[in-house]
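Notes for the one structure printed next.
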Amino acid sequence: MRTPSEPGLTVAEHTPAYPPVVKPPAGAPNVVVIVFDDLGFAQLGSFGSDLETPNVDALAASGLRYNRFHVTSLCSPTRASLFTGRNHHAVGCGFLVDVPLAFPGYAARLPRSAAPLPRVLKDAGYNTFAVGKWHLVPRGERTHAGPFDSWPLGFGFERYYGFLQGDTNHWVPNLVSDNTYVEPPAAPEDGYHLTEDLADTAIRMITDQQHSAPGKPFFMYLALGAMHAPHHVAPEWIARYEGSFDAGWDHWREATFARQVASGVVPAGTHLTERPSWVAAWDTLDDGARRMHARAQEVFAGFLTHTDAQIGRVIGALERLGLRDNTLVMLLSDNGASAEGGQHGTINEHRFSARVPETVADNLAHYDEWGGFRSYNHYSWAWAWAGNTPFRLWKRYTWLGGTRTPLVVSWPRRIDDRGGVRSQFCHAVDVMPTLLECCNLDMPEVVDGVEQQRVDGASFTTTFDDAAASVPHRVQYFEMLGSRSIVDGPWKATTDHVSQGVVDEEELMTGSRDFASDQWSLFNLDEDFSEANDVAAHHPDEVRRLQELWLTEAERNQVLPMSDGLTNRLTAIIFPAYPPSSRTVFRPGGSPISDEAVPLLMFGFRMTVDCDVAADAAQGVLFAMGDWTGGYALYATAGTLHFTFRPAGEAITTSSSRTVGPGRHALSVVFTPTADRTGTFTLECDGEAIGSRTADVTVPPAMQHGGARLCLGHDRGFPVADDYSPPFPWQGEIHQMIVETPPFAASTVTDLSSALHAD
């Protein structure tokens, strides 16, 4: 046995073997990527707008504006391209992740061969944070059970705070912190707003990180819910724009175009594209329609200016922390302005999913609610068209109105041409290669033993110093909902596949256009910045060449098969590994239940709660999902049972004809759909009908929307019905809730009744 004096037993006799520490290259910048949602090319002050965006404009004045930056024309696909440097179909994100399909280009899951930017930066020694909208988790994987591979932490972010779905209520959002659903830190009546919360969190994450590891570079991805609907903002922000848009969209668009040309963000000689035939001229509207449309734009403008103020707070925090000089800030939008408010705009965007037509009269009836707690509002397609000045169309289409958006790059230590304009072609796939080059890092060839697939993007850092620098990105295909185009150097070929869904949203849902019959237009973008002058008739050989090139790129990137609708995609939808069954049981004791864990209710349902009723009277919420803009709730007031269903904001309430007595009961609501958009709601107590109502209603899958969660024994956020206020807890005990969809289990109520009467 050795003694303490023998060699090899003491610290002094051993050489320390320190573990390797990975650090970014010396001088590597902090990186902040700010992503607007549904912001058009012409809606920032620095891109010609008269809307107040002083903080974004200050970023542009300290850096560069790119006027030929392109995206995919839809949110999830653009984000997938931004994070991977690959084309959206090439990484399985050819459409929204809400509809994962059994085709390689549409599976809605990043392959392991495309390691995303946050993972690469984290491996290189960066801290990585994501705050805000995600929208990269396939439907069916956003529950408490995951899987979490497609959640932000699965992408390589170390911290996350925000919402997973495509949109959320800015007053009462459905929030996630890291891999856990959480409640907002304050109530709307206390002044809470999501964008302010996101800015607070981004500032806190950066501050905490710098306190803990001073000088360590970080990557902050700040993805705003704005400017996607709902356009929610406090009245004082709306008031500053009162009367500003009374002259209408035609006048606003012309004035904006003049400012764009004068500022140099749009080249002199550019033609302002014509108004589409289905967009009304402002001077053809009656006074009520003008008043309503002007109000919708006032709300949007206030929402944008409020958002700009929160961006200013984040940039101000970087300055206070002494980080601004070596922080590369890149600000962009995921697609052009959105026309999903339809012809008239809407007080409640859920009306689209419920196939409820909009009217000016409906919107005027809620005039004072626009932007407020009772709204889920969205402006009309005419304001979206104006917001994309000088281009055609909007989000969802591969005309420039859908695919060309603002890009601002600011890096004080590196960029000297402050306020400069850059006109090189660039695309969302170029973001990752550019950022990695700025960080002096290489794209990895192998990650976790998996060889990485080709990178479609290319760095445009040469443009930081040289306005005339060439960039290697010449060829870029586009496809979204069957709308196709391709760029090759100066040429762009674009199909006329603008489905009548622009006018008739029924066609957007089903899809029915023949792709082979589409006509291709041709534009020389070097001479025609706005895609206004179709020269296809003069260059038929060029059109044919570009058609063939598009097909080559489509085959190379997994674009086929295409679809121009939503419903026809469902034939190939990927269902979750553990989907809700036709008889699903929920029990108290957990968090509110993700909407994706609840069976789809469109073909009818029975929802039964096994509960104890208090001795004095049945009172409180048995279950609730959603709120007064869309949702459903079973609840009791003063002994009377009610079921309120709001498919699109309008309440359909069924009440019991007698009160529910004390003791244990099985309380149910049964919905039986019938023909011609009608259905019957029946309330039952221990299997006995105690109330019913037949109503004009369609119950679509979207009655579960926006990440709403099912609450047992209480409600959260805004109420579904106006005769209670959350949480309105159930005054008794809830044992379980059973959700059934056809075919119903005939024994359910009998089994429950036997169980409760046996106690």
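Read-outs: derived from the displayed coordinates by stated rules, not from any lab. Note that the structure is a prediction, hence the values are computed from the model and not measured. Methodologically, a virtual Cβ is constructed for each residue, glycine included, from the backbone with ideal geometry; neighbour enumeration extends over all protein chains shown.
Is there a quick way to get the dipole size of the stretch 583-758? I mean about its Cα centre, with the Cβ of Lys and Arg at +1 and of Asp and Glu at -1; what is the value in debye to the nearest 20? The partial results should precede the final answer.
On the way: 10 positive and 18 negative charges, 33 e Å.
Value, rounded to 20: 160 debye.
Got a sec? How would 574, 347 order by Cβ neighbour count within 10 Å, fewest to most? Could the numbers behind the result be given before it?
Numbers: 574 17, 347 27.
Ranked by crowding around the Cβ, least crowded first: 574, 347.
Of 115, 165, 212, which is farthest along the charge dipole of the stretch 83-219 in the positive direction, counting Lys and Arg as +1 and Asp and Glu as -1 at C-beta?
115
Lysines near residue 23 by alpha-carbon distance under 22 Å, same-chain residues fewer than 8 away left out - which ones?
122, 216
Return the percentage of antiparallel bridges among DSSP beta bridges fully within the chain, rounded to the nearest 5 %.
Values: 88 of 118 bridges.
If I count the DSSP bridges inside the chain, around 75 percent turn out antiparallel.
Shape call for the stretch 583-758 from the C-alpha gyration tensor, a ≥ b ≥ c root eigenvalues: rounded (a/c under 1.5), prolate (a/b greater than b/c) or oblate?
On the way: a/c = 1.34, a/b = 1.19, b/c = 1.13.
The shape class here is rounded.
What value, in deg cm²/dmol to 500, does the helix sum -39500 (n - 2.57) over DSSP H runs of n ≥ 4 give at 222 nm once divided by the residues of the chain? Please list the in-between numbers first.
Working: 15 runs with 163 residues, N = 759.
The helix-only estimate for the chain comes to -6500 deg cm²/dmol at 222 nm.
Based solely on C-alpha atoms, express the radius of gyration and the Dmax of the stretch 253-332 in angstrom.
Using the Cα atoms of the stretch 253-332, the pair Rg, Dmax is 18.9, 54 Å.
Can you sort 437, 548 so the residue with the fewest Cβ neighbours within 10 Å comes first?
Numbers: 437 16, 548 11.
Listed from fewest to most nearby Cβ atoms, that is 548, 437.
Sort 423-430, 483-490, 459-466 by the packing proxy (mean of other Cβ within 10 Å over each peptide's residues), most packed first. Working shown, then result.
Numbers: 423-430: 24.1, 483-490: 21.0, 459-466: 18.4.
The packing order, highest mean first, is 423-430, 483-490, 459-466.
Given Cβ point charges of +1 (Lys, Arg) and -1 (Asp, Glu) and nothing else, what value in debye, to the nearest 20, does the dipole of the stretch 1-148 about its Cα centre take?
On the way: 13 positive and 10 negative charges, 94 e Å.
Approximately 460 debye in magnitude.
Have a look at 481, 498, 32 and report the one farthest towards the positive end of the charge dipole of the chain, computed about the Cα centre with Cβ charges (Lys/Arg +1, Asp/Glu -1).
32
Among all the lysines, which ones have a C-alpha under 16 Å from residue 395's C-alpha, if same-chain residues fewer than 8 places away are not counted?
Of all the lysines, none pass the test against residue 395 - Cα under 16 Å, at least 8 places apart if same chain.
Listing 259, 324 from the residue with the fewest other Cβ atoms within 10 Å to the one with the most, what is the order?
Numbers: 259 17, 324 20.
Final ranking by Cβ density, sparse to dense: 259, 324.
For the chain, what does the alpha-carbon gyration tensor say about shape, rounded, prolate or oblate, given a ≥ b ≥ c as the root eigenvalues, a/c under 1.5 as rounded, and a/b over b/c as prolate?
oblate
Taking N as the number of residues in the stretch 524-594, what is its alpha-carbon radius of gyration divided by 2.2 N^0.38 Å? Provide the component values of the computation, followed by the final result.
Values: Rg = 23.7 Å, N = 71, 2.2 N^0.38 = 11.1 Å.
Ratio of Rg to 2.2 N^0.38 Å for the stretch 524-594: 2.13.
Would you work out which of 685, 742, 669 lies farthest towards the positive end of the dipole of the stretch 583-758, given +1 charges on the beta-carbon of Lys and Arg and -1 on that of Asp and Glu, about the Cα centre?
It is 742.
Suppose every K and R has +1 on its Cβ and every D and E has -1 on its Cβ; what is the size of the dipole of the chain about the Cα centre, in Debye to the nearest 20?
1280
How big is D, in µm² s⁻¹, for the stretch 146-187 by Stokes-Einstein at 37 °C and 0.692 mPa s if Rh is the Kirkwood radius over C-alpha pairs? Each step should come with its number before you reach the end.
On the way: Rh = 10.9 Å.
This corresponds to a translational diffusion coefficient of 300 µm²/s.
Quick one, can you get me the convex hull of the C-alpha atoms of the stretch 543-639 expressed as volume per residue in Å³? It would help to have the intermediate numbers written out before the result.
Values: hull volume 17.4 nm³, N = 97.
Looking at the stretch 543-639, the number lands at 179 Å³ per residue.
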